[in-house]
Amino acid sequence: MYDVIIIGAGCAGLTAAVYAARAGKSVLVLEAENIGGQISFSPKVENFPSIKQISGSEFADNLFEQASALGVELELERVTKIVDGEIKKVYTEDGVHECRCIIIATGVKHRQLGAEREEDFVGKGVSYCAICDGAFYKGKTVAVAGGGNSALQSAALLSGMCEKVYLIHRRDTFRGEQAKADELRTMPNVELVLNSIITDLAGEDALTGVTVCTSQGGECRDIPLDGLFVSVGQIPENSVFADLVELDESGYIVAGEDCKTNIKGIFAAGDCRTKSIRQLTTAAADGSVAALAAVDFIG
Ligand code: NAP
């Protein structure tokens, strides 16, 4: 039996593992897909304090090595169910593990556009995070796809550093705030491409442009681009916890800055919980908060 089981080996989960292990607790991390989480797909990280530049995969590798050196165990198993009790049970596709408390750090997945070849260009012109990767497109031409607040904010941010920003949205009204959209309309280097769907991505080794067609399936045009920022929402993956842990209407685990859920001894850390800023730094912060709360709970 473990003191702490952490579900998810992204920045939040592995930071929690480091803190719990350093507090002398036995820790098992369960990861369904890739160690390191979302950051491992980011070509460069330049906004983590004291690290001027590092690749996302190296950041993830370092964090994993740090946790492993402290005796943290990791299994590549997909969690299917958790059961509460004085001894908590975590069921996976491969078996069941027991522990005193659980930290859920399952992160989110960026929703994809669904365009053909989109995955081929990730890190080669296609990005899901303007804050993380925008600086790499300084002075260049980019597009943002989406019509929510994230897309509007990304377009505004990029307009300050890029030569030209296209905002491509499938409808003629925005889901995001009117004021943000109005502000974009005043920016000389921002062009709104509305009622339009990206139908194709162009390029050999890296993205060179997109084809957009009107939503009604009419006219199409090619737009040459250096980068495409896909900002069409995020998807939390918390449905397996829904029987036990409270989720909000969007599927995020309801937990505040203390990372406590509605169930004693079950904590939520990082992007999977209700919060307004989802960044590497806030994931690391949550990991430490959740781990120390877990240590306190175990006593
Ligand atoms: P969102 O509000 O869900 O918006 C997603 C946008 O992507 C929508 O405009 C949607 O189009 C479009 N979309 C979805 N799937 C698409 C597809 N396959 N192809 C093309 N377009 C697609 O997501 P978000 O912008 O990431 O925001 C998430 C939440 O965080 C929201 O509640 C938002 O208000 C909040 N947020 C708030 C702030 C703030 O400053 N207050 C900042 C960022 C985010 P349709 O509109 O046609 O459905």
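Determine whether segment 65-83 contains at least one residue that is under 18 Å from the mean Cα position of the chain (by Cα), among the acidic types (D, E) and open to solvent by less than 80 Å² (accessible area, probe 1.4 Å).
no
Out of curiosity, is E93 in contact with an Asp or Glu (Cβ under 7 Å, 6 or more places away or on another chain), within 16 Å of the ligand (Cβ to nearest atom) and open to solvent by 60 Å² or more (accessible area, probe 1.4 Å)?
The answer is no for E93.
How many residues are within 13 Å of the ligand (Cβ to nearest atom) and free of Cβ contacts under 8 Å to residues at least 60 places away in the same chain if we restrict to segment 193-205?
Of the residues in that region, 5 qualify.
For segment 194-222, enumerate the residues that are surrounded by fewer than 15 Cβ atoms within 10 Å (Cβ to Cβ), at negative phi and not basic (K, R).
Those that are surrounded by fewer than 15 Cβ atoms within 10 Å (Cβ to Cβ), at negative phi and not basic (K, R): T199, D200, E204, D205, A206, S215, Q216, G218, E219, C220, D222.
Take the residues in segment 96-116 that are within 16 Å of the ligand (Cβ to nearest atom) and assigned to a strand (DSSP E or B); name whichever of them is modelled with the highest pLDDT.
V108
In this structure, does S154 turn out to be open to solvent by less than 70 Å² (accessible area, probe 1.4 Å), in contact with a Pro (Cβ under 9 Å, 6 or more places away or on another chain) and either in contact (Cβ under 8 Å) with a residue 60 or more places away in the chain or closer than 12 Å to F229 by Cβ (or both)? If you could, list the steps in order and put the result at the bottom.
Details: open to solvent by less than 70 Å² (accessible area, probe 1.4 Å): yes; in contact with a Pro (Cβ under 9 Å, 6 or more places away or on another chain): no; either in contact (Cβ under 8 Å) with a residue 60 or more places away in the chain or closer than 12 Å to F229 by Cβ (or both): yes.
For S154, the condition - open to solvent by less than 70 Å² (accessible area, probe 1.4 Å), in contact with a Pro (Cβ under 9 Å, 6 or more places away or on another chain) and either in contact (Cβ under 8 Å) with a residue 60 or more places away in the chain or closer than 12 Å to F229 by Cβ (or both) - is not met.
Any residue at all in segment 182-189 that is closer than 29 Å to D120 by Cβ, surrounded by fewer than 16 Cβ atoms within 10 Å (Cβ to Cβ), within 12 Å of the ligand (Cβ to nearest atom) and touching a residue at least 12 places away in the same chain (Cβ under 8 Å)?
So far as segment 182-189 goes, no, none of its residues is closer than 29 Å to D120 by Cβ, surrounded by fewer than 16 Cβ atoms within 10 Å (Cβ to Cβ), within 12 Å of the ligand (Cβ to nearest atom) and touching a residue at least 12 places away in the same chain (Cβ under 8 Å).
I need every pair where a residue in segment 138-150 that is closer than 13 Å to L167 by Cβ has its Cβ under 6 Å from the Cβ of a residue that is of a type in the set (S, T, N, Q) and within 16 Å of the ligand (Cβ to nearest atom), sequence separation at least 6 or different chains.
Here the result reads V144/S154; V144/S231; G146/S231; S150/S231, each pair linking segment 138-150 to a residue that is of a type in the set (S, T, N, Q) and within 16 Å of the ligand (Cβ to nearest atom).
Does E119 satisfy being modelled with pLDDT of 95 or more, more than 10 Å from the ligand (Cβ to nearest atom) and open to solvent by 20 Å² or more (accessible area, probe 1.4 Å)?
No.
Could you list all residues from segment 129-174 that are part of a strand (DSSP E or B) and either assigned by TED's automatic domain parsing to the domain that holds I51 or within 14 Å of the ligand (Cβ to nearest atom) (or both)?
Correct list: A143, V144, A145, Y166, L167, I168.
For I263, only one of the following conditions fails: (1) open to solvent by 50 Å² or more (accessible area, probe 1.4 Å); (2) away from the ligand (no atom under 16 Å from the Cβ). What is its number?
Unmet for I263, out of (1) open to solvent by 50 Å² or more (accessible area, probe 1.4 Å); (2) away from the ligand (no atom under 16 Å from the Cβ): (1).
Considering each of V240, V245, V232 in turn, give the residue that is in a helix (DSSP H, G or I), at pLDDT 95 or above and of a type in the set (A, V, I, L, M).
V240
The values are calculated or read from the model by the stated rules, or taken from the named source; none is laboratory data. Everything quoted here is computed from the prediction, not taken from an experiment. When we count neighbours, we look across all protein chains shown, and the Cβ atoms used for this are built from the backbone with ideal geometry, even at glycine. SASA here: full protein model, heavy atoms, side chains in, ligands and nucleic acids out. Shrake-Rupley method; radii C 1.70, N 1.55, O 1.52, S 1.80 Å.
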